[in-house]
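The structure appears below as C-alpha cells.
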Amino acid sequence: MFTGKFFTAAFVLAAACSASAQLFAPLDPDWKEAEVPPPPALRTSGLIEIDSPRSELRFGVDPASISVGRDRIVRYVVVVRSAGGNVTGIYEGLHCKTAEAKVYARHNGGAGWVMQADADWKPLSGAPHSSYSMQIAQQGACLGRTPNGNPGQVARDLRAPYDTKFSPQTR
C-alpha cells in the first residue's frame, strides 16, 4: 500500500531531521581557539570585492590572507574603503559553527596593525557593525555551520557569481 510518494516524503523528513540535528548540535565544550597568527601585510590590490548592499563603504577580502585553522576558524583581512578614499584593514575570524565574528586587529594609515585588546566573539546576525562579516560568511567563507573547505575554495566561492557559489564545478 505504500507508494513512491510516501517513501519520498519519509526520506525528505528524515533528511530534514538529520540536517536540523547537525545545525543545532551542542557545541564542543572542549573547543578552544588556537593561537591567532599575526596579521599579514596589508594589501590593497587584488582584492575580492564583497557585496554589501546596505553600506556606502566598499569591502574587499585579500585572498592571500585567507586561512582555515585547525580550530576551524576562517581568518582573513578585509579592506574597507570609504567614498572619500580612506582605507582601513581589519583582520578578523569567522566561527562558522556559532555564526560569530571576532576582530583581531585594525590597520589604520601609518600606525600599522593594532591588535584589539577586547577581541570577543560577536554574533553575525542583528549587528549592523558586522554586516560585511555576514556577507563574507554567506558568500563563501562558511558552508552552513562549517568552514568552506580550504583557503583556495573559500576564495573561489567568494569570487564566484551567485548562481555558481558552492557548486561542484568550483570544487
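For (1) of a type in the set (Gly, Ala, Ser); (2) in contact with a Cys (Cβ under 7 Å, 6 or more places away or on another chain); (3) farther than 14 Å from VAL77 by Cα, each residue gets a yes or a no:
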site	(1), (2), (3)
HIS107	no, no, no
SER125	yes, no, yes
SER133	yes, no, no
GLN139	no, no, yes
ARG145	no, yes, yes
GLY149	yes, no, yes
GLY152	yes, no, yes
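Filtered by the rule that a residue be open to solvent by less than 60 Å² (accessible area, probe 1.4 Å) and either outside any strand (DSSP E or B) or within 20 Å of ALA111 (Cα to Cα) (or both), the range 38-61 gives PRO39, PRO40, LEU42, GLY46, LEU47, SER52, SER55. Inspection of the range 110-119 finds a residue satisfying the criterion of being in a strand (DSSP E or B) and open to solvent by less than 80 Å² (accessible area, probe 1.4 Å). Taken residue by residue, the range 110-117 has at least one member that is in contact with a Phe, Trp or Tyr (Cβ under 8 Å, 6 or more places away or on another chain) and of a type in the set (S, T, N, Q). Just one residue in the set ASP157, ASP163 is surrounded by 12 or more Cβ atoms within 10 Å (Cβ to Cβ), among the acidic types (Asp, Glu) and over 20 Å from ARG54 (Cα atoms); that residue is ASP157. Residues in the range 124-133 that are surrounded by 13 or more Cβ atoms within 10 Å (Cβ to Cβ) and in contact (Cβ under 8 Å) with a residue 12 or more places away in the chain: LEU124, SER130, SER131, TYR132, SER133.
The listed residues are ALA64, ALA34, ALA21, and the only one of them that is modelled with pLDDT under 95 and surrounded by 10 or more Cβ atoms within 10 Å (Cβ to Cβ) turns out to be ALA34.
The values are calculated or read from the model by the stated rules, or taken from the named source; none is laboratory data. The structure displayed is predicted, hence computed values, not measured ones. No Cβ is skipped: glycine too gets one built from the backbone with ideal geometry, and neighbour counts run over all protein chains shown. When the accessible area is computed, the model is the full protein with side chains, heavy atoms only, and any ligands, DNA or RNA have been set aside. Shrake-Rupley method; radii C 1.70, N 1.55, O 1.52, S 1.80 Å.
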